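Accompanying notes for the structure given below.
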Amino acid sequence: MSLHEPHTAHHPTASGVATGVSHSWARLDGVDILRGLAIFFVLMNHINMRLFLAKIPYTQGLPHQLVSSLVWNGQRGVQMFFAVSGFLITSTSIRRWGSLSRVNARDFYALRFARIAPLLLLLLAILCTLHAAGLKDFVVSDKTGGLGRALIAALTFHVNVLEAHRGYLPGNWDILWSLSVEEMFYLFFPPVSRLLGRGKWLVAFLLTLVVLGPLSRTLTQGNEVWQEYSYLGGMDAIALGCLTAMASSRNMIARRVIWVVAGLGTVLLLFILGLSNQARAWGLERNGLDMTILAIGSCMVIAAAAETRWKSPRLILPLITLGRRSYEVYLSHMFVVFALFGLFKSAGLPLGAVPALFIGVILISGLLGELVARFYSEPMNRRIRQRFGDGADRLGSVIRT
């Protein structure tokens, strides 16, 4: 996504390894805006799905393209997360260890565990409890393998595989498919980086993943779930993010053209997100290219944000804040969706109250994500990193969190 990684700017020492006293880190507003938009689209989509499955005709009479852009862009939001994830993990690794060929696998996995595991394990514990209590929206059916099978899938990075074979899990479990893709990326990132990080073979490998992404989405169209959830179907965006980070670290993007890059990237994003009907008419979706184009546009915007350190106006601060808490919002938002949608239905509210449902879910999900981050996931992240011996001499880390 990255739903997980802080992003910053820093200058390594001559040895290539960052020192513990260098903390010239600054967030990239452009990247946080992308993450904010991505989680916004995911939230809108998941609220819409509850209304859609309940056959509430709230979109009747609205322009088809407007509806598509607002509430059917959830999968595209995840693709944007993947592009951001590839960029942040690669750029942060280069800053920590000086080059990708020096990535320390043990320390890399320790850092990933500290950031991801506390909230994920808490979520799984809550979901197991709710399943045992028999709450309708949280029970994992025998058809999909039952609770034990879902738990194993979540802990071994293959929720997407399980759903492709057994069908969709309950909403709070279903969202973990994207973590399965990202965690598989984390699993292979250190060995691939150490093996290929010194030469052009890494670039060739990443470009191969870019090519395989749309092919995977095209060749799996017989299985709707796997078409959207496959590992390779998300790896093109992650690979493009990695390539963007590598180019940015080597100053391969000329300053004089960076705003052209930003403008073109924005146009590509607007086209795929706002004119999806036209993209579909041109066959881009059928060929799996719409997602690749979206990832390319995202990476262009990311590259411009990294090069210019652009600062957003205060008006966009809520979106940036949502992006900064995207991991916490992503893992916790389905509780809010189910709760508010349940209230909406039980109260028998009219169609005119649907906008209030959307606004309420977004606001409360953002607030819940902030509280979870501030009082649980961030303190746990710091505590685990300290236990592993966080610092330049152990984890190559220069981030104060």
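The values are calculated or read from the model by the stated rules, or taken from the named source; none is laboratory data. In this text the structure is predicted, and so the values were computed from the model without any measurement. Using ideal geometry, Cβ is built from the backbone for each residue, glycine included, and neighbour counts are taken over all protein chains shown. When the accessible area is computed, the model is the full protein with side chains, heavy atoms only, and any ligands, DNA or RNA have been set aside. Shrake-Rupley method; radii C 1.70, N 1.55, O 1.52, S 1.80 Å.
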In region 306-357, what residues are among the aromatic types (Phe, Trp, Tyr) and buried (at least 19 other Cβ atoms within 10 Å of the Cβ)? 327, 330, 335, 338, 341, 344
Scanning region 131-156 residue by residue, the ones that are assigned to a helix (DSSP H, G or I), surrounded by 15 or more Cβ atoms within 10 Å (Cβ to Cβ) and free of Cβ contacts under 8 Å to residues at least 24 places away in the same chain total 4
Please verify whether region 93-112 includes one or more residues that are small (Gly, Ala, Ser), open to solvent by less than 10 Å² (accessible area, probe 1.4 Å), in a helix (DSSP H, G or I) and out of contact with any Lys or Arg (no Cβ under 6 Å at 6 or more places or on another chain). yes
On the basis of being within 24 Å of residue 188 (Cβ to Cβ) and either within 22 Å of the chain's Cα centre (by Cα) or among the aliphatic types (A, V, I, L, M) (or both), does residue 121 make the cut? yes
Residue by residue through region 204-237, note down the ones that are among the charged types (D, E, K, R) and surrounded by fewer than 19 Cβ atoms within 10 Å (Cβ to Cβ). 224
Just to be sure I understand, how many residues within region 20-64 are closer than 22 Å to residue 302 by Cβ, charged (D, E, K, R) and at pLDDT 95 or above? 2
Being open to solvent by less than 60 Å² (accessible area, probe 1.4 Å), small (Gly, Ala, Ser) and within 17 Å of the chain's Cα centre (by Cα) is the requirement here; does residue 288 meet it? no
Sole exception among (1) open to solvent by 40 Å² or more (accessible area, probe 1.4 Å); (2) within 20 Å of residue 113 (Cβ to Cβ) for residue 190, by number: (1)
Can you run down the residue pairs with Cβ atoms below 9 Å, 6 or more apart or on separate chains, where the first is in region 249-271 and more than 12 Å from residue 297 (Cα to Cα) and of a type in the set (Lys, Arg) and the partner is open to solvent by less than 60 Å² (accessible area, probe 1.4 Å) and part of a helix (DSSP H, G or I)? 255/307; 255/308
